[in-house]
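Quick notes on the structure that follows.
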Amino acid sequence: MALVIFMGVLIVAGTTGLVAVVIHRLAHPQSHAAALGATAAPLPPMSDRPVLAREPAGTRITALVRQSDTVLSIALTGGGPDRILVWDLARGTRLSEIDLVP
């Protein structure tokens, strides 16, 4: 019986703590983002010229991940082995390529 009462108290305490954290974050949204280092830095301007990666026919982009302000990782599949391109956004050139051979 004591264990059931103890577990009930833990549930109430956990729920109260969760509600308090949500209310605090709603009241102070910027303080948590700044503490984590999340800043809204402006993106560098991209040129109006098209980006040509010169990949074989049948190549598809499966994922895009921004690594920094000027570096983008592009996961490609098809048209050969799966690979990851590391792309320089400022210059519009390929920095490196990683082949994912099983």
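Here, each number is a calculation from the coordinates, and none is a lab measurement. Computed from a predicted structure; not experimentally measured. Virtual Cβ from ideal backbone geometry, glycine too; neighbours counted across all protein chains shown.
Worth a mention:
- Hits in the stretch 84-97 (condition: under 19 Å from the mean Cα position of the chain (by Cα) and within 14 Å of Pro56 (Cβ to Cβ)): Leu85
- Among the residues of the stretch 54-74, those identified as touching a residue at least 12 places away in the same chain (Cβ under 8 Å) and more than 11 Å from Val86 (Cα to Cα) are Glu55, Pro56, Ala57, Gly58, Thr59, Arg60, Ile61, Thr62, Ala63, Asp69.
- Residues in the stretch 87-102 that are among the aliphatic types (A, V, I, L, M) and closer than 15 Å to Arg54 by Cβ: Leu95 alone.
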